[in-house]
Amino acid sequence: MPSIAQRLMGNPLVSAVYEGVWRPVFTRIFSLGGSGTAEFDKAFTAYLARAGERTILDVACGPGLYTRRLAANLTGTGHCVGVDFSEAMLARAVTKPHPRTSFIRGDAHRLPFADDSFDTVTCFAALYLIPDPLPVIDELIRVTRPGGEVAIFTSVVTGLTSLPGVKTIGHLGGYRFFGRDEITDRLRLAGVGRIEQTVVDQGQFVLAFKD
Ligand SMILES: C[S@@+](CC[C@H](N)C(=O)[O-])C[C@H]1O[C@@H](n2cnc3c(N)ncnc32)[C@H](O)[C@@H]1O
């Protein structure tokens, strides 16, 4: 059953204000008690948006704000595909066409792609609102080619997110705060050898390199 947060993402009003209001507000919430999430986000995305001829899959792409940024410096036949299960989000994504992006509707639990299809697979700000998120990590790895990378941005438990009120409000809204090793442990279980995890304020950025 979809969480409240997932249902909100299917609402045309939320999708209309997502890029300009919702995402910036949530970035600030992630930065509470620090100041680095937005800055790290820029560096992380800049690395992922490096120039080159690569294929990228942006899972749970929303209105495509990162899909376009990831595609911006691609060369040759390089291409970035955004996948999301919200029709409303995808309707917004296609209002800003980019020659190196395309969008497809699909569930992150069953990505509509063959094994080893993409050089880079990203999943930003989505795992924490998916009720059964760990199998999604296996899917991200499955569709990444050997030698490719998976990049994840999601929540992490901190002193702030452990406060009873914050935890309860989060859970009621369908948001999950991942334990410090929950994501990396699942990546290891999926057979990934090299993992880089950076915790910034309430967020964690994870890069996993598929052998
Ligand atoms: C908070 S938005 C994140 C959008 C974008 N990645 C970003 O960083 O701003 C979360 C997105 O995850 C999508 N989503 C949630 N569960 C999903 C699932 N099981 N399969 C595909 N997309 C899903 C929602 O529809 C929503 O567009």
Pairs, first touching a residue at least 60 places away in the same chain (Cβ under 8 Å) in the stretch 90-112, second open to solvent by less than 90 Å² (accessible area, probe 1.4 Å) and of a type in the set (S, T, Y), C-beta under 8 Å, six or more apart: A91/S15; R92/S15; R92/Y18
Output for the stretch 103-126, where each listed residue is touching a strand residue (DSSP E or B) at 6+ places or on another chain (Cβ under 6 Å) and under 20 Å from G148 (Cα atoms): A108, D116, F118, D119, T120, V121, T122, C123, F124
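Please find, within the stretch 65-84, the residue that is nearest to the ligand (Cβ to nearest atom) out of those that are open to solvent by 70 Å² or more (accessible area, probe 1.4 Å) and polar (S, T, N, Q).
Within the stretch 65-84, the subset open to solvent by 70 Å² or more (accessible area, probe 1.4 Å) is 69, 73, 77.
Right, trim to polar (S, T, N, Q) and you get 73, 77.
On the way: N73: 18, T77: 24 Å.
Ranking the candidates gives N73 first.
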Those residues of the stretch 85-142 which are farther than 28 Å from V157 by Cβ, open to solvent by less than 30 Å² (accessible area, probe 1.4 Å) and assigned to a loop (DSSP other than H, G, I, E, B), in sequence order: G106
Residues (under 18 Å from the mean Cα position of the chain (by Cα) and surrounded by 14 or more Cβ atoms within 10 Å (Cβ to Cβ)) located in the stretch 8-21: L8, M9, G10, V14, S15, Y18, E19
The one condition in (1) surrounded by fewer than 17 Cβ atoms within 10 Å (Cβ to Cβ); (2) hydrophobic (A, V, I, L, M, F, W, C); (3) closer than 17 Å to C123 by Cβ that L32 fails to fulfil: (3)
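Being within 27 Å of A91 (Cα to Cα) and open to solvent by 60 Å² or more (accessible area, probe 1.4 Å) is the filter here, so list the residues in the stretch 35-49 that pass it. Let's see the steps before the verdict.
Going residue by residue through the stretch 35-49, those that are within 27 Å of A91 (Cα to Cα) are 38, 41-42, 44-46, 48-49.
Once the filter is applied, which keeps residues that are within 27 Å of A91 (Cα to Cα) and open to solvent by 60 Å² or more (accessible area, probe 1.4 Å), the stretch 35-49 yields K42, A46.
The values are calculated or read from the model by the stated rules, or taken from the named source; none is laboratory data. All values derive from a computational prediction rather than experimental measurement. Quick reminder, even Gly has a Cβ in these numbers, built from the backbone with ideal geometry, and neighbours come from all protein chains shown. Surface areas here come from the heavy atoms of the whole protein model, side chains and all, with no ligands, DNA or RNA. Shrake-Rupley method; radii C 1.70, N 1.55, O 1.52, S 1.80 Å.
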